[in-house]
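The values are calculated or read from the model by the stated rules, or taken from the named source; none is laboratory data. What you are looking at is a predicted structure, and each value in this text was computed from that prediction instead of being measured. Methodologically, a virtual Cβ is constructed for each residue, glycine included, from the backbone with ideal geometry; neighbour enumeration extends over all protein chains shown. Please note that ligands, DNA and RNA were not included when accessible areas were found on the heavy atoms of the full protein model with its side chains. Shrake-Rupley method; radii C 1.70, N 1.55, O 1.52, S 1.80 Å.
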Amino acid sequence: MKILALLPLLVLSLAAHADEREWVPYKKLVEDLRIDKFYALPAAERDKLNLFITVKPNNKNYKPSDVVLTVVQGTERQPLPPLSPEFRMTLVPSQKWMTDQTKIMTSLPKEEKSAVGYDVVTPLPEGLQWNYAPVMGSVGQMNQAIKKMAGALSMFAPSVKVVVFKFAKPAQLKVGATVYNTDAKHQIKLKPESGLLKDNPLMIASERPFEAELDSE
């Protein structure tokens, strides 16, 4: 999911590793993105969701490995997880760091900026076939989570509509009696259907997708 910042997309300055400087207070990042509210949901209300924070430099010359983020609280330093090839990381809030004195330091030049947002994927069971409801039910679960994360701002919050199955090569996905083929990007986008959520047919893939991402379109 490319657009799931609950507030307007954050644009934050980054700084050089040799001259490390403050990027953003840890508490501000967590609260602005409502990450704390997501992880405060009961596990059963987010069990179909893997939430990632994305930090993507506007300058496309930077690789994920160029973005090094470190939490600093007094004399204690703790590196945040390295960004994946998709510029993602999992950030589970630490209550210990939810103070006004805890900062996140960064490694890119001061003049560089990055967009901060979310990607959400739904975990697929092992193998090439899965029941429909646990996978496609992730859309409804995420939309409910967004409402609770946004609180009073829920009427302005975005929503997700599709699960994007991403394959490394052309593939097919059979849902009940219907067969879907990948597009030019080796993707299949499906909207959940109420009847299928109730019937819960098998979804059978010719190749295993490398992920199933939630998106708004």
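Based on this model, can you work out whether Asn181 counts as modelled with pLDDT of 95 or more, of a type in the set (S, T, N, Q), surrounded by fewer than 17 Cβ atoms within 10 Å (Cβ to Cβ) and at positive phi? I'd like the intermediate steps shown before the answer.
On the way: modelled with pLDDT of 95 or more: yes; of a type in the set (S, T, N, Q): yes; surrounded by fewer than 17 Cβ atoms within 10 Å (Cβ to Cβ): yes; at positive phi: no.
It is false that Asn181 is modelled with pLDDT of 95 or more, of a type in the set (S, T, N, Q), surrounded by fewer than 17 Cβ atoms within 10 Å (Cβ to Cβ) and at positive phi.
Report yes if some residue within segment 189-209 is within 30 Å of Asn59 (Cα to Cα) and of a type outside the set (Gly, Ala, Ser); otherwise report no.
Scanning segment 189-209, I find at least one residue that is within 30 Å of Asn59 (Cα to Cα) and of a type outside the set (Gly, Ala, Ser), so the answer is yes.
Do we find a residue being in a strand (DSSP E or B), surrounded by fewer than 20 Cβ atoms within 10 Å (Cβ to Cβ) and in contact with a strand residue (DSSP E or B) (Cβ under 7 Å, 6 or more places away or on another chain) anywhere in segment 166-173?
yes
Considering only residues of segment 155-184 that are of a type in the set (Lys, Arg) and within 20 Å of the chain's Cα centre (by Cα), which is nearest to Leu49 (Cα to Cα)?
Across segment 155-184, the extreme among qualifying residues is Lys161.
Scan Lys185, Lys147, Lys198 and give me the residue that is within 30 Å of Asp66 (Cα to Cα) and among the basic types (Lys, Arg). Full working, then the answer.
Values: Lys147 fails: within 30 Å of Asp66 (Cα to Cα); Lys198 fails: within 30 Å of Asp66 (Cα to Cα).
Criteria check complete, one pass: Lys185.
I'd like the residue in segment 1-41 that is of a type in the set (Ser, Thr, Tyr) and modelled with pLDDT of 95 or more and, out of all such residues, is farthest from Ile104 (Cα to Cα).
Tyr39
Residues of segment 129-160 being of a type outside the set (S, T, N, Q), more than 13 Å from Pro201 (Cα to Cα) and in contact with a strand residue (DSSP E or B) (Cβ under 7 Å, 6 or more places away or on another chain), which ones?
Val139, Met142, Val160
How about segment 117-129: which of its residues are part of a strand (DSSP E or B) and crowded, with 19+ Cβ neighbours inside 10 Å? Give the derivation first.
The initial filter retains those residues of segment 117-129 that are part of a strand (DSSP E or B), namely 117-121, 129.
Answer for segment 117-129, where residues must be part of a strand (DSSP E or B) and crowded, with 19+ Cβ neighbours inside 10 Å: Gly117, Tyr118, Asp119, Val120, Val121.
Output the number of the condition that Ala184 fails; it satisfies all remaining conditions of (1) part of a strand (DSSP E or B); (2) farther than 20 Å from Pro123 by Cα; (3) of a type in the set (A, V, I, L, M, F, W, C).
(1)
Looking only at segment 200-209, decide whether some residue is open to solvent by less than 40 Å² (accessible area, probe 1.4 Å) and aliphatic (A, V, I, L, M).
First pass over segment 200-209, keeping only residues open to solvent by less than 40 Å² (accessible area, probe 1.4 Å): 201, 203, 205, 209.
After this cut, where a residue has to be aliphatic (A, V, I, L, M) as well, the list is 203, 205.
The answer is yes, given that some residue of segment 200-209 is open to solvent by less than 40 Å² (accessible area, probe 1.4 Å) and aliphatic (A, V, I, L, M).
Could you please give the count of residues in segment 130-147 that are touching a Ser or Thr at 6+ places or on another chain (Cβ under 8 Å) and either assigned to a loop (DSSP other than H, G, I, E, B) or open to solvent by 60 Å² or more (accessible area, probe 1.4 Å) (or both)?
The number of residues fulfilling the criteria is 1.
In segment 57-84, which residue that is charged (D, E, K, R) and within 25 Å of Asp100 (Cα to Cα) is least open to solvent (accessible area, probe 1.4 Å)?
That would be Glu76.
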